[in-house]
Amino acid sequence: WTWAQRRSEDFARQLLQVRRIVEPEASAICAERGSDADLARIERAYREMDAAGMDSLAYSEPDLRFHRGILTATGNEFLVAFGATVEAALRMSFELSTLNPGAPRKSLPYHRAILDEIWARNPDGARAAMHRLMDLTERNISSALSRRKTGDAPQPA
């Protein structure tokens with residue numbers, strides 16, 4: 001609801017900043033504490049992302065489950081509740097990334113790296129992999145906002 005009312009570069013950057021603060025640490029905690037069942041749910045979401053191919057709409061829901069799954073696997077109720085904020089940020093990212101052809105598909109190896117580090121029970125690796133995904137996300141958002149400003153791409157609905 002907030003994104004619909006405030007389509008601004010500043011707002012997009014603030015959401016990404018919050019994700020950068022929370023998601024890498026959540027990934028590290030997930031690697032330490034997540035149950036095998038938790039990790040299997042994250043793996044299923046990843047496989048559905050992979051199966052979506054170039055269909056951005058089909059990709060978005062499993063991507064949301066991937067990120068929510070990491071937060072849930074921490075076992076921390078505050079991080080689980082934070083999932084709604086992450087979901088809003090991801091939906092905004094998806095809306096913008098449609099301005100960058102193939103952006104969701106290009107993020108797949110980054111998600112795989114996070115998942116591999118979590119399965120390896122490597123908190124530092126999971127944290128670093130999530131930071132790399134956040135770097136990619138920031139580049140995609142910056143590119144999409146820049147393209148939108150210059151009129152090089154259609155405005156999102």
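A search for C-beta distances below 6 Å between a residue of the range 90-114 that is within 15 Å of Arg68 (Cα to Cα) and any residue that is modelled with pLDDT under 95 and surrounded by fewer than 20 Cβ atoms within 10 Å (Cβ to Cβ), counting only pairs 6+ apart in sequence or on different chains, returns Leu90/Leu64. Considering every residue within the range 28-40, establish whether at least one is hydrophobic (A, V, I, L, M, F, W, C), buried (at least 16 other Cβ atoms within 10 Å of the Cβ) and modelled with pLDDT under 95. No, the range 28-40 contains no residue that is hydrophobic (A, V, I, L, M, F, W, C), buried (at least 16 other Cβ atoms within 10 Å of the Cβ) and modelled with pLDDT under 95. Ser143 meets the conditions (1) closer than 14 Å to Val22 by Cα; (2) touching a residue at least 24 places away in the same chain (Cβ under 8 Å) in every case but one. The failed one is (1).
For the range 62-82, the set of residues classified as within 11 Å of the chain's Cα centre (by Cα), surrounded by fewer than 19 Cβ atoms within 10 Å (Cβ to Cβ) and without any contact (Cβ under 8 Å) to a residue 24 or more places away in the chain is empty. Specify the residue that is farthest from Asp124 (Cα to Cα); the eligible residues are those in the range 16-51 that are touching a Pro at 6+ places or on another chain (Cβ under 7 Å) and aliphatic (A, V, I, L, M). Per the criteria, the residue is Met49. Each residue in the range 40-64 was checked for being in contact with a helix residue (DSSP H, G or I) (Cβ under 6 Å, 6 or more places away or on another chain), part of a helix (DSSP H, G or I) and among the aliphatic types (A, V, I, L, M), and 4 pass. Criterion first (touching a Phe, Trp or Tyr at 6+ places or on another chain (Cβ under 8 Å) and of a type in the set (Gly, Ala, Ser)) does Ala88 satisfy it? Against the criterion (touching a Phe, Trp or Tyr at 6+ places or on another chain (Cβ under 8 Å) and of a type in the set (Gly, Ala, Ser)), Ala88 qualifies.
The values are calculated or read from the model by the stated rules, or taken from the named source; none is laboratory data. For clarity, every value in this text was computed on a predicted model and none was experimentally measured. For neighbour counting, all protein chains shown are included, and Cβ atoms are generated from backbone atoms with ideal geometry for every residue, glycine included.
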